[in-house]
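Asker: The structure under discussion is supplied below as structure tokens; questions concerning it will follow.
The values are calculated or read from the model by the stated rules, or taken from the named source; none is laboratory data. Everything numeric in this text was worked out from a predicted model, so none of it was measured. A quick note on method: Cβ atoms are made from the backbone with ideal geometry, for glycine too, and the neighbour counts reach across all protein chains shown. Only protein heavy atoms, including side chains, enter the accessible area calculation; ligands, DNA and RNA are left aside. Shrake-Rupley method; radii C 1.70, N 1.55, O 1.52, S 1.80 Å.
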Amino acid sequence: MPHWFQRRYLDLLGSIYVYNEHRGYTAIDRVIEAVRARWPGDRQLIDKIEKHRADERKHYLMFRRWFERRGMMPLAVGPTCGHIDRFVGIMFRSTIDDLDPLAVVGRDDLFERMCRVISLTEKRGHRQVEILLRHPIVRSDRQLVKIFQIIREDEPSHWAPYDEWLETHGRRPPRWWERAIDRAIHSELLFVKLPLLFLATWTRRLARWPDEFDPRPPATPTLERPFAH
Ligand SMILES: [Fe+2]
Ligand SMILES: [Fe+2]
């Protein structure tokens, strides 16, 4: 396989992960605030979502470090490559930033919808990591393999709090049509957006790291060292 192809593939893959991990923990920040406001006494739920947030930030930092070692910035791929952005867009007809988390958490029917969206997204992420860990181009990069192995271990605890909430509140699990939307979003990314981005060699790189614009410091500074697993 030509060297440039391999480099471009990894460059894009890393950039998409940088975007999605960062989008993940910044979106969860908004959920945590709303959950705290509605169920201040539910320490178990809050702790689990906090842990989810800390993991996603850890993942983001692992990819940031991976790029730093390569001596380059990620490609500016943006929300069109964000699985959760597309999913929320379809299910709530709103962008994540325009969605009022307090309004969602304040209504059980909307909160259960959000739980299913997050759970499906996390399960999709887990399956994708399994595939990537078998991919020969990914396997050629030892640091990347290590990163994906850590993500594979973390992922099951990410969908657990949302599945548990649905179960304990007698709400239904995802239906076939929700799974179909999840599948369609993933296929679109894989078979339409990724090949287009691959060819768009003019795509610019980020000038700053996304976390430089974060509104608040990380909730769990002990997880700052991303490879300390
Ligand atoms: Fe993640
Ligand atoms: Fe995750």
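Asker: Looking at (1) away from ligand 2 (no atom under 16 Å from the Cβ); (2) among the polar types (S, T, N, Q); (3) within 26 Å of ASP42 (Cβ to Cβ), can you tell me which one GLN143 breaks?
Answerer: It fails just one condition, (3).
Let's see how each residue does on (1) part of a helix (DSSP H, G or I); (2) in contact with a Ser or Thr (Cβ under 9 Å, 6 or more places away or on another chain); (3) open to solvent by less than 20 Å² (accessible area, probe 1.4 Å); (4) among the basic types (Lys, Arg):
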{"site": "TRP4", "(1), (2), (3), (4)": "yes, no, no, no"}
{"site": "ILE32", "(1), (2), (3), (4)": "yes, no, yes, no"}
{"site": "ILE46", "(1), (2), (3), (4)": "yes, no, yes, no"}
{"site": "ILE49", "(1), (2), (3), (4)": "yes, no, yes, no"}
{"site": "TRP66", "(1), (2), (3), (4)": "yes, no, yes, no"}
{"site": "ILE84", "(1), (2), (3), (4)": "yes, yes, no, no"}
{"site": "SER94", "(1), (2), (3), (4)": "no, no, no, no"}
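Yes/no matrix, rows are residues, columns are (1) at pLDDT below 95; (2) more than 20 Å from the chain's Cα centre (by Cα); (3) among the acidic types (Asp, Glu):
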residue	(1), (2), (3)
ALA103	yes, yes, no
LYS123	no, no, no
GLN149	no, no, no
ARG179	no, no, no
PRO195	yes, yes, no
ASP211	no, no, yes
ALA219	yes, no, no
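Asker: Given the options ARG116, ARG172, ARG179, name the one that is more than 16 Å from ligand 1 (Cβ to nearest atom), in contact with a Leu (Cβ under 9 Å, 6 or more places away or on another chain) and not in a helix (DSSP H, G or I).
Answerer: When all the criteria are applied, what remains is ARG172.
Asker: Moving on. If I filter region 35-44 for residues that are of a type outside the set (Lys, Arg), within 11 Å of ligand 2 (Cβ to nearest atom) and under 19 Å from ASP97 (Cα atoms), do I get at least one hit?
Answerer: no
Asker: Further question: Would you confirm whether or not region 194-205 contains a residue that is within 22 Å of GLU56 (Cβ to Cβ) and buried (at least 18 other Cβ atoms within 10 Å of the Cβ)?
Answerer: no
Asker: Which residue out of ARG183, ARG225 is within 23 Å of ASP55 (Cα to Cα) and either at pLDDT 90 or above or not polar (S, T, N, Q) (or both)?
Answerer: Going through ARG183, ARG225 in turn, just one is within 23 Å of ASP55 (Cα to Cα) and either at pLDDT 90 or above or not polar (S, T, N, Q) (or both): ARG225.
Asker: Which of the residues that make up region 122-160 are among the acidic types (Asp, Glu), part of a helix (DSSP H, G or I) and within 10 Å of ligand 1 (Cβ to nearest atom)?
Answerer: Correct list: GLU122, ASP154.
Asker: If you don't mind, another one. Just for region 45-56: of the residues that are hydrophobic (A, V, I, L, M, F, W, C) and within 16 Å of ligand 2 (Cβ to nearest atom), which one is nearest to ARG107 (Cα to Cα)?
Answerer: Residue satisfying both the conditions and the ranking: ILE49.
Asker: Filter region 10-30 for residues that are under 14 Å from the mean Cα position of the chain (by Cα), under 30 Å from LEU196 (Cα atoms) and more than 13 Å from ligand 2 (Cβ to nearest atom); which is surrounded by the fewest Cβ atoms within 10 Å (Cβ to Cβ)?
Answerer: My answer is LEU13.
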